[in-house]
Amino acid sequence: MSSLQPVRGTRDILGEEARRFRLVTETFRDLAQRYGFAEISTPIFEFTEVFQRTLGETSDVVSKEMYTFTDRGGEGLTLRPEMTAGIARALLSGGLAKDLPLKFFGHGPMFRYERPQKGRLRQFHQIDAEILGVPEPQADIEVIALGWDLLSALGLGDKVTLELNSLGDPESRATYRDVLVGYFRQFEEKLSEDSRARLGKNPLRILDSKDEGDRVLVANAPLLSEHLNERSTTFFADVRRGLDALGVPYTVNQRLVRGLDYYSHTAFEFTTTTLGAQGTVLAGGRYDGLVEQMGGPPTAGIGWASGIERLAMMVEVPAEAVKPIAIIPVGAAAEETALKLAHRLRRAGFTVEHGYRGNVGKRMKRADKLGCAVAILLGDDELAAGEATVRTLADGAQGRVALDHLEQHLQPFK
């Protein structure tokens, strides 16, 4: 039906965009495995409680953006808006806590109901890296270095800036929370409705507000860095020292925060000015309280996620290195031989396009359109001689080659 369209906020990924996606995910997989991360794939939907307990009832994701539904069995389910909660759930439900420390990486589609815009859709895709069970700053250093190496490998190192901050330990955050509440209470009537609701529950979320009036107040709010205890200050210094040792460039952004209670110590974002308003391309932080909040034992954790759409918009994709070989039967008698030859060459490692229909001229035009390097023509004369005509499409040069020797002859086009 011609009237059918993709759902708003979703899109088909094909052609060059699919190649860009593949470049991002394959580069990420290669690097993550070199860092010793194991691949994980969690379900696309979870029990709604998984996200409500981790993201918090007052978060925009839970209150406004989640795709939540009741299935036929009466269970409340939610399409995943991010991967970390699912990985933490897998740690608990899979009995993996006994195997700590663990390092996981994954990628796939996520879902949030929000206004579609450049680089941000309702179905979007992320790559994700997590380290669980390592409370030492070495985990922070390693996971940030993985992000930096990924962006560098994609040719984006000179297009991004790493911003870094410390959220402190729970003691520091509790002290800062009291100071922050005292500050915002002075301007409670000027706060947005959402921020007024958060003031009593989680005032740090106000620091992430997108409301223009809130942002004016946030600009003069006390800094968390002014309330870090000695342990938190030492931890942050160790992280920075490690990044310096690895040559990972960064700037300290004292306004960079995470609003959820289970976050602690390191928060970081890689940002760019090349994507307009959507400047964050990779972001993460330490979440030592997450697993415990889900009902598990105290478990250190740190990780990051990055939107594949945004990275794909920034990367440059080289032309396809391998150009197909076209097999073109000339006449009905050659069809079966062409079919078997295509199968044989594919099993030998060649990329083969089989002309399905049309005369020789039409099939040759299709081969040219597909960017084929070589056309193999099979007619009655070639069949009788046990040969094929091999034509190089770039210059039109051609010659006869024995069918038994085709693999050897075609090696330059593999």
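Looking at region 205-212, is at least one residue closer than 29 Å to T273 by Cα, surrounded by fewer than 14 Cβ atoms within 10 Å (Cβ to Cβ), within 33 Å of the chain's Cα centre (by Cα) and modelled with pLDDT under 95?
yes
For L150, are the conditions met, namely being out of contact with any Asp or Glu (no Cβ under 6 Å at 6 or more places or on another chain), in contact (Cβ under 8 Å) with a residue 12 or more places away in the chain, closer than 22 Å to Q33 by Cα and buried (at least 20 other Cβ atoms within 10 Å of the Cβ)?
Yes; evaluated as a whole, the condition is true for this residue.
Looking at A334, is it among the small types (G, A, S), assigned by TED's automatic domain parsing to the domain that holds A388 and under 24 Å from D381 (Cα atoms)?
In short, yes.
Kindly provide the set of residues from region 279-293 that are small (G, A, S), crowded, with 18+ Cβ neighbours inside 10 Å and under 19 Å from the mean Cα position of the chain (by Cα), ordered by number.
Correct list: A283, G284, G285.
Look at region 213-231 and say how many of its residues are more than 30 Å from the chain's Cα centre (by Cα) and either of a type in the set (S, T, Y) or surrounded by fewer than 16 Cβ atoms within 10 Å (Cβ to Cβ) (or both).
11
Can you tell me which of R240, R173 is among the basic types (K, R), at pLDDT below 90, within 22 Å of H265 (Cβ to Cβ) and surrounded by 15 or more Cβ atoms within 10 Å (Cβ to Cβ)?
R173
What about G296, is it in the same structural domain as M83 (by TED's automatic domain parsing), more than 27 Å from V24 (Cβ to Cβ) and surrounded by fewer than 21 Cβ atoms within 10 Å (Cβ to Cβ)?
For G296, the condition - in the same structural domain as M83 (by TED's automatic domain parsing), more than 27 Å from V24 (Cβ to Cβ) and surrounded by fewer than 21 Cβ atoms within 10 Å (Cβ to Cβ) - is met.
Just to be sure before I move on: is D404 out of contact with any strand residue (DSSP E or B) (no Cβ under 6 Å at 6 or more places or on another chain), in a helix (DSSP H, G or I) and loosely packed, with under 12 Cβ neighbours inside 10 Å in the structure I sent?
yes
Can you give me the number of residues within region 348-395 that are of a type in the set (V, I, T) and in contact with a Pro (Cβ under 8 Å, 6 or more places away or on another chain)?
The number of residues fulfilling the criteria is 2.
Taking W304 and the conditions (1) assigned to a loop (DSSP other than H, G, I, E, B); (2) assigned by TED's automatic domain parsing to the domain that holds G94, which numbered condition does it fall short on, given that it satisfies the others?
Going through (1) assigned to a loop (DSSP other than H, G, I, E, B); (2) assigned by TED's automatic domain parsing to the domain that holds G94 one by one, W304 breaks only (1).
Is it the case that some residue within region 292-300 is small (G, A, S) and outside any loop (DSSP other than H, G, I, E, B)?
Scanning region 292-300 turns up no residue that is small (G, A, S) and outside any loop (DSSP other than H, G, I, E, B).
Of all residues in region 96-112 being in contact with a Phe, Trp or Tyr (Cβ under 8 Å, 6 or more places away or on another chain) and more than 20 Å from Y35 (Cα to Cα), which is surrounded by the most Cβ atoms within 10 Å (Cβ to Cβ)?
Once the filter is applied, the top-ranked residue is M110.
From the set of residues in region 348-360 that are of a type outside the set (D, E) and under 19 Å from A373 (Cβ atoms), which is farthest from the chain's Cα centre (by Cα)?
Step by step, filter region 348-360, then rank; the result is V360.
Taking only region 349-363 into account, find how many residues are modelled with pLDDT under 90 and of a type in the set (A, V, I, L, M, F, W, C).
Residues in region 349-363 being modelled with pLDDT under 90 and of a type in the set (A, V, I, L, M, F, W, C): 1 in total.
If I go through region 280-291 residue by residue, how many of them are part of a strand (DSSP E or B) and not charged (D, E, K, R)?
6
Just wondering, is there one or more residues in region 77-91 that are charged (D, E, K, R), surrounded by fewer than 13 Cβ atoms within 10 Å (Cβ to Cβ) and not in a strand (DSSP E or B)?
Checked region 77-91: no residue is charged (D, E, K, R), surrounded by fewer than 13 Cβ atoms within 10 Å (Cβ to Cβ) and not in a strand (DSSP E or B).
Kindly establish whether G276 is surrounded by fewer than 21 Cβ atoms within 10 Å (Cβ to Cβ), within 24 Å of G155 (Cβ to Cβ), free of Cβ contacts under 8 Å to residues at least 60 places away in the same chain and of a type outside the set (A, V, I, L, M, F, W, C).
No, not satisfied.
Looking at region 11-65, which of the residues that are aliphatic (A, V, I, L, M) and at pLDDT below 90 is surrounded by the most Cβ atoms within 10 Å (Cβ to Cβ)?
L55
Name the single residue that is farthest from E39 (Cα to Cα) among those in region 62-95 being of a type in the set (A, V, I, L, M) and more than 17 Å from the chain's Cα centre (by Cα).
This residue is V62.
The values are calculated or read from the model by the stated rules, or taken from the named source; none is laboratory data. What you are looking at is a predicted structure, and each value in this text was computed from that prediction instead of being measured. For neighbour counting, all protein chains shown are included, and Cβ atoms are generated from backbone atoms with ideal geometry for every residue, glycine included.
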